[in-house]
Amino acid sequence: MELVLVLHSLLRWAIVFFGLWTVINGFTGVTGKRLYSKSDNLSNLLFMIFCDIQLALGLTLYFSNAWFDKLKSGMGNVMKNSYDRFFTVEHALLMIIAWILVHAGRSAVKRAAPEKKHKKMLVFFGIALLLILAAVPWPFRTEIAKPLFRWFN
């Protein structure tokens, strides 16, 4: 499981990179009124692919570690402990919502009229990226802090 945890930790950087690239493309497309390009498509496709991989890794960690067992043993105890609550409920829920928004956004952008594609990119992927950034256990979040780069022990 250590390898999965390291990959899950490192993959967040690809997600942040491709998420920012996608949101910036959406913003510059809306403000510059430019046509939807192959670069726009590639950025949100890679954002979605890396989110899919990250979800698979995250679910592997969730169900193979004690997080799911803690939920089964009683939600009351989980909700009283901020560390357990974050990883069993908040992190998992926000990341799944973000994943859904990324997939819904990709679909909405593909179906949208050319002049609305960038706006849909900005809205769907922007909200998804904000949720992702809010749900990461950054080092400055004292009670739930994890390192920026997790390496093998």
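The values are calculated or read from the model by the stated rules, or taken from the named source; none is laboratory data. None of these values were measured; they are calculated from a predicted model. FYI the Cβ positions are ideal-geometry reconstructions off the backbone, even for glycines, and counts take in every protein chain you see.
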*Go through the range 120-143 and give me each residue that's more than 24 Å from Asp69 (Cα to Cα), loosely packed, with under 15 Cβ neighbours inside 10 Å and either touching a helix residue (DSSP H, G or I) at 6+ places or on another chain (Cβ under 7 Å) or at pLDDT 95 or above (or both).*
Ala134
*asked:* Testing Arg34 on (1) over 22 Å from Pro147 (Cα atoms); (2) in a helix (DSSP H, G or I), one condition comes back false. Which one is that?
replied: (2)
*Of the residues that make up the range 111-125, is at least one among the aromatic types (Phe, Trp, Tyr), in a helix (DSSP H, G or I) and over 20 Å from Leu7 (Cα atoms)?*
yes
*For Ala92, all conditions in the list (1) at pLDDT 95 or above; (2) touching a Gly at 6+ places or on another chain (Cβ under 8 Å) hold save one; what is the number of the exception?*
(1)
*asked:* Here is a check on your reading of the model: is Ile53 among the aliphatic types (A, V, I, L, M) and under 22 Å from Trp138 (Cα atoms)?
replied: yes
